[in-house]
């Protein structure tokens, strides 16, 4: 007796047998019961989810002689002929091999004939997206106004390749991937009736490998049984199907989280010796990290398709790693995946990536960095960190700016030793507000500090010397002084930025001998200008006055 594979033996024969597509089957049953059948249907979705099976069931349901509306009997001659594929009134056409305009013209010539033994002639075109554009165009008129005894059912995995003019003439049903637990339940039922002893863990591995397709899951189960017999062990499932053992993934992800580089290299060596495809293993590792991350975000959701035995272990490992670190690891793996596609040595690249992931454990998370910075700021300032008040107006009066830079006091008025402790406290406070400005002022010399005035002498470095030549920076310093001291402070800056940094400047070429005039020879207005702009006057030949003939 010829062996019938499980995928064919357990093919659905009624709408109630279709698993995971209730939104489609219920709609079709209601349409049959109410007599609201469309002339054309389009079934789209992934492979192995029941598109062609539902098309056959629909053909039987509308042509069955004995069954109830929407429920074929599968015993009458019409149902048996459709099930065996020998019905002359129900034709299945492979769109991949009959894709030309000649085949569609032949179909158009046959649709005018009445059905021989059924109510309707049904044309099931599988992989309809493979038809050529001329073939689609030849089908348009027939599809728009077909004879009343003709029904079209199209099936495709790529509906976006079907012309819009065809889509608009059909009722479209989108088939979904079948959930993991429903596949496992169906495989358990098959195993029980076929006398196969297999654990739920092995069935979960098979279901996950099927990627939402029931036909693929049944074919994989058939393959496993052919290898191991009716008693199947978990190790046999991973060996025959080349599935990455979940235990290895748990060990590797745990070692990455702990930063154990030696353990990671040992696991990768084990994977290599087992003969696993390193690129497939890389994708499995990404899926493992993804499962850990999703288990933290959606704790009570079914977004993670894992067995109940592994669910607790996934959550435990995820909580140990933390969401932020798992996000960093997953992003890192995704960015390196492109390099894996073109490398000639996947093992070497995978080892380098894993070692980098292990070293990420030495780095602080963003939250830890922020906490440490805030703690350091509080420690330096000796007070809670407060932000500058946003309603403090910016001092932009030019006269006030230049008045602050001028020094009219005599050296006897300055007291270098006064207010040094208060000045240090102010620098600590300023460091929490503007660290760059605080670093500059640390190089300046405090001349005096009183309740309403501050006198500073410029530093020796060129950058710090010219720092407060910018009026905006000087205004910022006044705002910080007001915030710290509680009142306006008059700021005096002593020393010339030009004179301090003159040693580092390159002297221009001497084109003509010029002499620098001493500033004391100039009148007071000129001295004020020189003091404000920190410039110098170079005397030269005076222009001659024009002479009149």
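Checking each residue in the stretch 27-41 for being under 23 Å from residue 166 (Cα atoms), touching a residue at least 40 places away in the same chain (Cβ under 8 Å) and crowded, with 17+ Cβ neighbours inside 10 Å picks out 28, 39, 40, 41. Suppose we keep only residues that are assigned to a helix (DSSP H, G or I) and without any contact (Cβ under 8 Å) to a residue 40 or more places away in the chain within the stretch 61-86. Which one would you say is nearest to residue 159 (Cα to Cα)? Checking each candidate, the answer is 82.
Given (1) free of Cβ contacts under 8 Å to residues at least 40 places away in the same chain; (2) in a loop (DSSP other than H, G, I, E, B), identify the lone condition not met by residue 294. Unmet for residue 294, out of (1) free of Cβ contacts under 8 Å to residues at least 40 places away in the same chain; (2) in a loop (DSSP other than H, G, I, E, B): (2).
Out of 166, 153, one residue alone is on the phi < 0 side of the Ramachandran plot and at pLDDT 95 or above. It is 153.
Using the structure shown, decide if residue 66 is surrounded by 14 or more Cβ atoms within 10 Å (Cβ to Cβ), in the same structural domain as residue 30 (by TED's automatic domain parsing) and under 24 Å from residue 18 (Cα atoms). So residue 66 does not fit the description; no. The single condition among (1) surrounded by fewer than 19 Cβ atoms within 10 Å (Cβ to Cβ); (2) under 30 Å from the mean Cα position of the chain (by Cα); (3) under 24 Å from residue 23 (Cα atoms) that residue 171 does not meet is (2).
For the stretch 131-139, does any single residue satisfy the condition of being under 30 Å from residue 8 (Cα atoms) and in contact (Cβ under 8 Å) with a residue 12 or more places away in the chain? Yes, the stretch 131-139 contains at least one residue that is under 30 Å from residue 8 (Cα atoms) and in contact (Cβ under 8 Å) with a residue 12 or more places away in the chain.
Residues that are part of a helix (DSSP H, G or I) and surrounded by fewer than 16 Cβ atoms within 10 Å (Cβ to Cβ) within the stretch 297-312 comprise 297, 308, 309, 311, 312, listed in sequence order.
Only one entry in 259, 254, 242, 212 is surrounded by fewer than 16 Cβ atoms within 10 Å (Cβ to Cβ), under 29 Å from the mean Cα position of the chain (by Cα) and in contact (Cβ under 8 Å) with a residue 40 or more places away in the chain, namely 259. The set of residues from the stretch 444-470 being surrounded by fewer than 19 Cβ atoms within 10 Å (Cβ to Cβ) and modelled with pLDDT of 80 or more comprises 445, 448, 450, 452, 453, 457. Assessment of the stretch 130-145 against the conditions (over 19 Å from residue 108 (Cβ atoms) and at pLDDT below 95) yields no matching residue. In the stretch 326-443, counting only helices (runs of 4 or more DSSP H) that sit wholly within it, the ones holding 2 or more residues that are at pLDDT 50 or above span 346-359, 366-381, 420-433, 435-442.
The values are calculated or read from the model by the stated rules, or taken from the named source; none is laboratory data. These numbers were taken from a predicted model, which means no experiment stands behind them. In this analysis, Cβ positions are derived from the backbone assuming ideal geometry, glycine residues included, and neighbour counts consider all displayed protein chains.
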